[in-house]
Amino acid sequence: MRKTNRKTASIIVFLCLLLFVTGMTVFSFTFGTYKASASELYFKQDNLTLYEGNTLRLNLIYNDEEFFQENTEFTYDWYAYFESGDSDIVKVYFDGTIECTGTGKTVIKAYFGGMTAECSVKVKANKFKLSDEELTLYSGQSQDVKLSGIKNIKEYEYDVRCIDYSVPYYSEDYPTVEIEGRGIFNITAGRSGIYEIRLKGKKKDGTTYSRKLVLNTVRTGPESRDLSVAVGCSNDLTMINSKITSVELLGWNEGYSYYDASVYGYGGHISADDNGIFTADEYIGYDTYDTYSRYRIYYKTDDGTKLYSDITVTPYSPQYVKFGDYLWVGQTYEPEIMDRRSSTKVVCTSSDTSVLDINENGSIVPVTSGKATLTINVDGKEFSEDVSVIDVHVSGGNNLLTWPGTKFSYKVTGVPDDLKVTYKSSDTSVASISKKGKLKTKKKGFTIITVTVGDTEMHYTVNVGDETAVKAVLWAGEQQGAKYDQSRRMEEGYFDCSSLAWRSYAFAGLKIKETTYAPTSADLAKYLDENGYTIAKGDLSPEELLPGDFLFFSSGRDNGRFMKIDHVALYYGAVDYYEYYDYWNDEYVSGLQGQLIHAGTGGGGVYFSSYPQYGGAVLIARIDTNNK
């Protein structure tokens, strides 16, 4: 008989323990051995055993670093593509997450940079049975569901995610799930939405089984669980897919004291009838922020199901702040209400919707010049104001891209006689403008033209650059929507990032580095850098850039090229001036939004994007034909 020495036995025991520990994973999958192939692209897990219903994110490794992809919106062309050999067995998503939807064997592949990685997946049958795989419940309605079919489950878990994003959802919209033991889950529908609820059972060894349930929520009951009522007025509670049968007072709060209706009977400063109409007293002797009443609303759904919801009703004294000035066509207005509550409901109506309309969101929309009476109902209290609408137009020089020595005229129409029009340039050394709106560009740079009508300011950008560069970037902008195809990058209607930049300048009469074929983005950057065209290695502000500037980017992966560059874009210009009030810091904030034009798969071909953007430039170069 062959003997095994102690050292060998210790190694065997250690390996067995290691195998036992690594096998106890949440999904009970097993890793195969993996190697860093010559291609330098591989999955950390190359051989998996999972169960139907399991989900797992695969770890894709490139150059010893993990590949992370969180969404489909990329500026660069560097991203991996995942593919399932059989999506009926395993589905794979953009970020490498797999979902086991059937049983059997298949292969997941990842493609990147001409390389391929593979992971074999075996999916075993899930013996879990679910009493209901789809539920339709009213808001607030509950139902038990049960998992069964597998013995010796140690603990139960669940996940909830929204699967319908057609409307925005809030935390109160989500369903709640309670684990009641022995595989029973109590599910209570939230306010609205469609949800996928994955119910899980885990054995002692870590093996997890799960089943998926789809919950469809039919919204019913009060539109809001908070209702505000103007002092001395009445306000009705809006119900959805249901009808109130009765209303019960639960209690009320005055000052720092809460009074339970079951003890003190009827009281408080809010009264209600069984139709859901609530009335606030004319006089309230306490701070309205500390005064409210709690009511229980009993109602029936459209099919007769009986439910109830509790709401809070608060009295307050809203005040309407009049506009007191002209309303402009092209703008949208919201009425300003002082002392409003989070549940305040404002309803606007117009005496003439052809002049002043109210859109589906309740906002005020001027339509054409004229006069109309605006009526505002704020939680039962009405206000009114006579308003005048004007239709002002500015033409002739909106957001210009041009070169020194050009002239433009700004013309303002639709201005009432009592409003004054003035013009101003933020940098008269770049472009000057006369009192009559005549603009003349002087040198390369950037300025903002401010057109003031009465108290209203309108801002227009003027980007003055090299004539060749401006003509190049204007031509690039005209290619918006053209297709992205590296193999056809020099053909009409097709581009990649560097061919768009090179061909734009070629159109304007300047061929950079090559005469017949566009270089790669990295070769283009290297040429411009070595020939003194670099103006920055890092981002610049929109004010510092000029139309036609080259912005080179790197995804950070080592592609063996100059500065690891893998993308280029042309700066189009500063196209938007913004200004807003920062309530957090109590100050006005203004700035510029630049725009890039480039080609890439992330934008579906040739497209515009904003600047600055996530992922800064590593090199910026500028062509100056007057100073080569």
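The values are calculated or read from the model by the stated rules, or taken from the named source; none is laboratory data. Bear in mind that the values here come from a model prediction, so they are computed numbers and not experimental data. All Cβ positions, glycine included, derive from the backbone under ideal geometry; neighbour counts span all protein chains shown. We work out accessible area using only protein heavy atoms, side chains counted, and drop any ligands, DNA or RNA first. Shrake-Rupley method; radii C 1.70, N 1.55, O 1.52, S 1.80 Å.
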Calculated from DSSP H runs of 4 or more alone, at -39500 (n - 2.57) each and per residue, what is the 222 nm mean residue ellipticity of the chain, nearest 500? -2500 deg cm²/dmol
Scan the chain and hand back the longest stretch that contains none of the GluC sites (Glu not before Pro) lying in DSSP loops with at most 16 other Cβ atoms within 10 Å. 361-490
Kindly provide the chymotrypsin sites (Phe, Trp or Tyr not before Pro) of segment 405-492 that DSSP labels as loop, not H, G, I, E or B, and whose Cβ sees at most 10 other Cβ atoms within 10 Å. none
How about K381: which lysines have a C-alpha closer than 22 Å to its C-alpha, ignoring those fewer than 8 places off in the same chain? K322, K345
Non-local residues with an amide H under 5 Å from the amide H of N463, with H modelled 1.01 Å from N and Pro and chain starts lacking one, are L400, L401, T402
Suppose every Lys and Arg Cβ carries +1 and every Asp and Glu Cβ carries -1, with no other charges. What dipole size does segment 516-581 come out with about its Cα centre, to the nearest 20 debye? 380 debye
Using DSSP to define loop residues, name the chymotrypsin sites (Phe, Trp or Tyr not before Pro) in segment 530-628 whose beta-carbon has at most 15 other beta-carbon atoms within 10 Å. Y583, W584, Y614
Taking the Cα centre as origin and putting +1 on Lys and Arg beta-carbons and -1 on Asp and Glu beta-carbons, what dipole magnitude results for the chain, to the nearest 20 debye? 3340 debye
Take the Cβ-Cβ distance between T116 and I358 as r, set R0 to 56 Å, and report the resulting FRET efficiency rounded to the nearest 0.05. 0.45
May I ask which residue of L58, G603, Q143 lies farthest towards the positive end of the charge dipole of the chain, with charges of +1 (Lys, Arg) and -1 (Asp, Glu) on Cβ and the Cα centre as origin? L58
Total charge dipole magnitude, segment 222-369, about the Cα centre, Cβ charges on Lys, Arg, Asp, Glu only, Debye to nearest 20: 240 debye
Mean Kyte-Doolittle of at least -1.0 plus a Cα span of 18 Å or more along the axis: flag which DSSP H helices in the chain meet both, please. 6-23
For segment 111-200, which trypsin sites (Lys or Arg not before Pro) are both in a DSSP coil and crowded by at most 10 other Cβ atoms within 10 Å? K151, R182
How large, in percent, is the carbon and sulfur part of the accessible surface of the chain at a probe radius of 1.4 Å? 47 percent
Counting only other residues whose beta carbon sits under 12 Å from that of T441, what net charge do I get with K and R as +1, D and E as -1? +4
accessible surface per residue for the chain, probe 1.4 Å, DNA/RNA/ligands not counted, whole Å² -> 53 Å²
